[in-house]
Amino acid sequence: MKKFTILATAFALAASAANAESVTISHETAGALEAELKAAIAASEALTAMADITELTITGEAVMDANDFVAIRANLRPSLVTLDMSQAKFASNALPGGFYDKEGILNKMNIVECKLPETLTSLSGGVFFECKKLERVNLPDGIRSIPQYCFSGCEKLNMEALPPQLTTVYADAFNLCKALTVAVLPETVHTINGSAFNESGVTFSKLPSALKGPLGERAFRQAKNVTFDEIPEGVTVLKTSCFAGTQVTFKTFPKSLTGIETCVLQSCKQITEFTIPNIGTLWTKIPDGTFYVNEAVTRTFICRAPSAPVPTKVTGNNWDESFGRPEMCVNTTMKVLYSAMESFQSTAPYNKMKIEALKTAVEAPIIDMPAGHDAANVKVAFVVNGVEHTSFDEVLEGEGKLVVSFDDAAHAWLHVQEIRYAGAEAYAEGDETEEVDPDLLYAVGNVSQSLRKTVEVPVTVSPDMKPIHITVAMADVITGVEAVDAPETAISRNGDIVNLTVPGAALYDLAGRMVVSTDSNVLDLGGVPAGGYILRAGKKAVKIIK
């Protein structure tokens, strides 16, 4: 095949062998491409009809408008294989045509390759709609959005990459592009509309972090090579069948989710464990067909709802309820809160599943003891639904309490001073910022009433529960005795003899009753029973252990 160039303004033609197929037009008048093509045919000895042109290159200073593309479709639809517009001009660097139009400027052409100018910043709706033979199109870096129906039905289309600053993929943009194997969605993409990649061959493994708002209906339906494992925070609604039939491996949904429609994960067989988040009222009902899959799939669901969500059912559909027909649930396990087990066991289709109580491993609480005292004398347990756990490898999840108690070997003056989750934060209230500790669970009030007292605090046992710190202290002040630092009074002890630098002292028991006293500089403890006491000398009070 020989090539020649047609200069439409001069109607000059470099002759070539008969049946020449490659033509270059210097486009000099907007909307006049048909006339330029006809003039070229008339001046050619090699071309007898428009149908002879299989390769068309357009240059020149005139912009390409909608009428020029009408001429291409009307005259070159059956024959044109390659359209090179890499040097063509476009008003505002945008392809002409409607944004939502299926009847785009090159729709249903037989072209295999189209070259666009690198200066192009905007495509048009349906520009390549159902160009079933189209294999190659370059998308310039300046493109920010792929319009509706832009490549819909281009079954053989493939391309190396999407524009790096792409933000929006509109509805049906790559619908049915089965040969499209693009592997990366640019991180700048924030909107993906309905059927954008429906039944396409893309191999995406990550959704862009900028994605937000609703994810379109059938956005990735039957795009069998996508393998997303996470939906970004910011996505608010999952529209019908958006991931149905894909290889996604989601573990849960984002906290930003406010709505979910039917069949979003239908036939996603790679999902083997999924946590159903209890987000507000979202899971009051699990939408129809959400997790539908056949009975051959072994799957575990985790649901922390206080009772069994009620699946919906559309009469006459072909997927039947949220998890499939009851007989399809034989290999499904539902792990739920112990308090919700009865609800799940009595609600279809869960009553066809294996129902298990959720358990989790939690960190053993850290116990800070006074010097010389053993943490082994302090007993810590989590109690959930009446079940006590002193080993923390498998604790029932749910609302419960932490119980801290002392055994008989613990000293009588010990008490739980504080229980807290790890960490403290500052928060703003009104116009003032106050230092607070939102993780404080318990702090001692009256020490004398807290000695060796069992302390119970409410906790919620869950996988993300923070570590718990327990502080145990020795009481410094006992009822009936005021502790005042008086350095002028010195106290020393040698066995049962207490020596005082200032005459006068009294010994009190833990109830505040005086046991023995002296007016001298010596107090003899020989007749005092073993135990703990408070010695007051002048204005100073100290602990005494006999």
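Structure above, values below:
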read-out	value
Unique residue being assigned to a loop (DSSP other than H, G, I, E, B), touching a strand residue (DSSP E or B) at 6+ places or on another chain (Cβ under 7 Å) and modelled with pLDDT of 95 or more when the list is Ala173, Ala179	Ala173
Among residues of the stretch 47-75, those that are crowded, with 21+ Cβ neighbours inside 10 Å and under 20 Å from Gly104 (Cα atoms), counted	6
Candidate set from the stretch 490-537 (those that are touching a residue at least 40 places away in the same chain (Cβ under 8 Å) and open to solvent by less than 50 Å² (accessible area, probe 1.4 Å)); member that is farthest from Gln449 (Cα to Cα)	Val498
Single condition Met465 does not satisfy, out of (1) open to solvent by less than 50 Å² (accessible area, probe 1.4 Å); (2) at pLDDT below 90; (3) in a loop (DSSP other than H, G, I, E, B)	(2)
Cross-chain or 6+ apart pairs with Cβ under 9 Å, the stretch 223-239 first and in contact (Cβ under 8 Å) with a residue 12 or more places away in the chain, then among the charged types (D, E, K, R) and in a strand (DSSP E or B)	none
Wholly within the stretch 364-412, strands (runs of 3 or more DSSP E) carrying at least 1 residues that are over 37 Å from the mean Cα position of the chain (by Cα) and basic (Lys, Arg)	378-384
Single condition Phe174 does not satisfy, out of (1) surrounded by fewer than 21 Cβ atoms within 10 Å (Cβ to Cβ); (2) under 18 Å from Asn225 (Cα atoms); (3) touching a residue at least 24 places away in the same chain (Cβ under 8 Å)	(1)
Residue that is more than 30 Å from Pro254 (Cα to Cα), assigned to a loop (DSSP other than H, G, I, E, B) and at pLDDT 95 or above, where the choices are Val127, Val202	Val127
Which numbered condition Asp524 fails, given (1) over 23 Å from His373 (Cβ atoms); (2) modelled with pLDDT under 90	(2)
Answer from Ala412, Ala371, Ala422, Ala361 - the residue that is surrounded by fewer than 15 Cβ atoms within 10 Å (Cβ to Cβ), of a type in the set (A, V, I, L, M, F, W, C) and without any contact (Cβ under 8 Å) to a residue 24 or more places away in the chain	Ala371
Residue, modelled with the lowest pLDDT, within the stretch 1-29, restricted to residues that are within 22 Å of Pro96 (Cα to Cα) and touching a Lys or Arg at 6+ places or on another chain (Cβ under 9 Å)	Thr24
Those residues of the stretch 121-138 which are out of contact with any Gly (no Cβ under 8 Å at 6 or more places or on another chain), closer than 20 Å to Leu80 by Cα, open to solvent by 10 Å² or more (accessible area, probe 1.4 Å) and of a type outside the set (D, E, K, R), in sequence order	Val137, Asn138
Hits in the stretch 85-97 (condition: closer than 18 Å to Cys150 by Cα and buried (at least 17 other Cβ atoms within 10 Å of the Cβ))	Met85, Phe90, Leu95, Pro96, Gly97
Inter-residue pairs, beta-carbon under 7 Å, first among the basic types (Lys, Arg) and in the stretch 242-268, second not in a loop (DSSP other than H, G, I, E, B), 6+ apart	Lys251/Glu273; Lys251/Phe274; Lys251/Thr275; Lys255/Glu233
Residue check for Lys453: at pLDDT below 95, open to solvent by 40 Å² or more (accessible area, probe 1.4 Å), part of a loop (DSSP other than H, G, I, E, B) and over 26 Å from Lys546 (Cα atoms)	no
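The values are calculated or read from the model by the stated rules, or taken from the named source; none is laboratory data. Note that the structure is a prediction, hence the values are computed from the model and not measured. Note: ideal-geometry Cβ built from the backbone for every residue, glycine included; neighbour counts use all protein chains shown. In case anyone asks, the SASA skips ligands and DNA or RNA and just uses the protein heavy atoms, side chains included. Shrake-Rupley method; radii C 1.70, N 1.55, O 1.52, S 1.80 Å.
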